[in-house]
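Accompanying notes for the structure given below.
The values are calculated or read from the model by the stated rules, or taken from the named source; none is laboratory data. Values in this document were obtained by computation on a predicted structure and should not be read as measured data. Every residue, glycine as well, gets a Cβ built from its backbone with ideal geometry; the counts of neighbours run over all protein chains shown. In case anyone asks, the SASA skips ligands and DNA or RNA and just uses the protein heavy atoms, side chains included. Shrake-Rupley method; radii C 1.70, N 1.55, O 1.52, S 1.80 Å.
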Amino acid sequence: MKKISLDHLRPPDRARLDALVGQVEQAVPILRERSVPLSPQERQVWQAVLHRFAQFGRAPTVGELSSGRTGLSPEVTHACLERLAAKDVIVLDERSGEILGAYPFSARPTRHRVSFDAQTVYAMCAVDALGIAVMLGREVRIESRCPLCGGAINVKADAEGITHLEPASAVVWLGEPRARATCCADWLCPEINFFCSDEHVNQWRLGQAEASGYTLMPLEALYLASRFFAGLLQRHPEEGGKI
Ligand SMILES: [Zn+2]
């Protein structure tokens, strides 16, 4: 198919999506960066986690994070990870302290498998899957499944547009973002999925107790992803240390 570029979004569509971005940011404090200040060390560890996820295709261990590049001890690294988890920047296993995720990446298998270069990773949700393309600035291949029928959905996207979509009718469902006490991965991410079609979203909603939200074209979901993930790895390079 011909690439559908973000340039195709008309100004009224962008305005509507920008309002939705504002709503998601209200519900997920970490997306409003200034409201969740990170210390230089926390930011350094967070950036290292994202870089390692992209590099290894899995979550790094505390040992991998503290050896070499960050120059931080395992104790300091562990304390930073706990503070990042408390701020919902990453997700930690409460018992083992292992990293379970760092948006957009998930260490646990999810419905959204994302491949780039020689790596395969899992994304927290459909928007995060597209966010990996935005964050890394390269084309990714997303394999997902429709929550209603289990049908395969294949998407290729880069930071500027959707380059492949199968089935062509595929859409993204975004559950109503509301502020909650628990981390985003537990309540919002499971509500953001690719579906085969608008019809399958509507059929699925009939079986849900709480099913308010938004049906987005994949390009619109990529626009949201670009608002959340563009420059995430490059932001505040002066605080990013040697990573
Ligand atoms: Zn389906």
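Label sites at H164 and S212, each approximated as a point 7 angstrom past Cα along Cα to Cβ, lie 3.9 nm apart. Each Lys and Arg adds +1 at its Cβ and each Asp and Glu adds -1 at its Cβ; summed about the Cα centre, the chain shows a dipole of about 240 debye. Largest GNM mean-square fluctuation across L206, L92, L136, computed for the chain with C-alpha springs under 10 Å, falls on L206.
With an 8 Å cut-off on Cα pairs and a minimum separation of 6 or more residues, tell me the relative contact order of the chain in percent.
Values: 427 pairs, mean separation 52.5, N = 243.
Reported as a whole number, the value is 22 percent.
Ranking L100, A129, I90 by how far each Cα lies toward the positive end of the dipole of region 83-162 (charges on Cβ) leaves L100 at the top. Probing with 1.4 Å while keeping every protein chain in the model, the per residue accessible area of the chain equals 46 Å².
Largest first and in whole Å, the equivalent-ellipsoid semi-axes of region 115-172 read 19, 12, 10, each the square root of five times a Cα gyration tensor eigenvalue. Taking all Cα-Cα distances within the chain, those exceeding 29 Å account for 26%. With R₀ fixed at 41 Å, the C-beta to C-beta distance from M1 to R95 puts the FRET efficiency at about 0.35. Taking only the alpha carbons of region 1-143, we obtain Rg and Dmax values of 16.5, 50 Å in that order.
Using helices alone, I'd like the mean residue ellipticity at 222 nm for the chain: each DSSP H run of four-plus residues gives -39500 (n - 2.57), total over residue count, nearest 500. Could you put the intermediate results ahead of the total?
Working: 8 runs with 88 residues, N = 243.
Calculated from helices alone, the mean residue ellipticity at 222 nm is -11000 deg cm²/dmol.
Compared with the dominant Cα axis of the chain, that is its longest principal axis, helix 11-27 is turned about 50°.
Take the solvent-accessible surface of the protein heavy atoms, probe 1.4 Å, and return the percent of it on the chain that carbon and sulfur atoms account for. Let's see the in-between values first.
Details: 5670 of 11230 Å².
So the carbon and sulfur contribution to the accessible surface is 51 percent.
For the options Q208, Q23, Q47, a Gaussian network treatment of the chain with springs between C-alpha atoms closer than 10 Å singles out Q208 as fluctuating the most. Free of any GluC sites (Glu not before Pro) that DSSP assigns to a loop and that have at most 12 other C-beta atoms within 10 Å, the longest stretch within the chain is 95-209. GNM remark for the chain: springs join alpha carbons under 10 Å apart, and the peak mean-square fluctuation among N154, N193, N202 falls on N202.
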